[in-house]
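Novice: Sharing a structure here in structure tokens format.
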Amino acid sequence: MTRTPKYLLAALLASASLNTHATVSEYGEFYIPYQRLQNEATCLDRQIMQAEYGIPLASMLEGVFSETRTLQQNLGGTSPYININLLVNGSTTIPHTYNFDRYTNSGVYDYSFTMDMGPFNALNGNTVEGRQKTKDLAKLALIAVIKTAEATHRAGHFRVWLKFDNLPSQSNLSGSMVHAGGTDWPTWPYTASSPLYQTYKTEMIAAECGN
């Protein structure tokens, strides 16, 4: 079975008007962060899900923030399925709230989401190490969302506002700052070419991954 060509998927998405929230079912691609076993390098993995495209990126984020079912081969024994998505740890994930979407006259899809880092704050704790883990996960979440938006709409055809609630204190932590952001103008949205998004990718995604 072959995948739907991207030009046909684009036509399907266009027919599922963002204004009317009509739906169309199709396979779509999304990205999750995972850690390699041998050298612990953090990479992005492209996955596929069957989505009901009413609000395209909102649909795909269900995959971004869900457990994977990745086969763990065991020679001579049962090979179980395990989760490798770093954005999910057991029952702990990053709750995300859809704020709005709109389609502009220039052919750009706008989206707005709020991410709640509270559950990982509670899991990782308030130590320097724990706050660093939560801060880094916020960056990985942002990377996965924007990379998925790029797979859904292509660079230059989307803008995403991301607001982070319950970020930990970033005092004495390494790496660039994670900003709380906002849900719409006058705060700035993220695009495929946003300097901060590119900085986070350089910091968090290993160069060997090719992402």
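The values are calculated or read from the model by the stated rules, or taken from the named source; none is laboratory data. Just so you know, these numbers come straight off a predicted model, no measurement behind them. A quick note on method: Cβ atoms are made from the backbone with ideal geometry, for glycine too, and the neighbour counts reach across all protein chains shown. All accessible areas refer to the heavy atoms of the entire protein, side chains included, with ligands and DNA or RNA removed. Shrake-Rupley method; radii C 1.70, N 1.55, O 1.52, S 1.80 Å.
Novice: With runs of 4+ DSSP H residues as the only contributors, calculate the mean residue ellipticity of the chain at 222 nm using -39,500 (n - 2.57) per run, divided by the residue total and rounded to the nearest 500.
Specialist: So the calculated ellipticity at 222 nm is -9000 deg cm²/dmol.
Novice: What is the mean projected area of the alpha carbon convex hull for the range 40-108, to one decimal in square nanometres?
Specialist: Mean shadow area of the hull around the Cα atoms is 7.4 nm².
Novice: About the Cα centre of the range 94-211, what is the dipole size in debye to 20, counting +1 per Lys and Arg Cβ and -1 per Asp and Glu Cβ, all else neutral?
Specialist: 80 debye
Novice: For the chain, with only Lys/Arg (+1) and Asp/Glu (-1) charged at the beta-carbon, what is the dipole magnitude about the Cα centre, in debye rounded to 20?
Specialist: 240 debye
Novice: Given H placed 1.01 Å from N in the peptide plane, which residues other than close sequence neighbours of Val24 have an amide H under 5 Å from its amide H?
Specialist: Here the answer is Tyr53, Gly54, since their amide H atoms fall under 5 Å of that of Val24.
Novice: Return the carbon/sulfur percentage of the accessible area of the chain, one whole number, probe 1.4 Å, all protein chains in place.
Specialist: Of all accessible area on the chain, carbon and sulfur atoms account for 50 percent.
Novice: Another question, then. Looking at the chain, send over the antiparallel percent of its DSSP beta bridges, to the nearest 5.
Specialist: 75 percent
Novice: I would also like to ask the following. Per the Kirkwood formula on distinct C-alpha pairs, the Rh of the range 102-171 is how many angstrom?
Specialist: 13.4 Å
Novice: Under a GNM of the chain (C-alpha, springs under 10 Å), which listed residue has the highest mean-square fluctuation: Ser169, Ser194, Ser91?
Specialist: Most flexible of the set in this elastic network: Ser91.
Novice: Could you tell me what fraction of 2.2 N^0.38 Å the Cα radius of gyration of the range 130-200 comes to, as a two-decimal ratio?
Specialist: Cα-based Rg divided by the globular estimate yields 1.12.
Novice: A further question on this structure: Averaged over every viewing direction, what's the projected area of the C-alpha convex hull for the chain? Give it in nm², one decimal, please.
Specialist: That works out to 13.6 nm², a quarter of the Cα hull's surface.
Novice: Now for a different question. State in Å² the accessible area per residue of the chain; use a 1.4 Å probe, count heavy atoms of protein chains only, and round to the nearest integer.
Specialist: I get 52 Å² per residue for this part.
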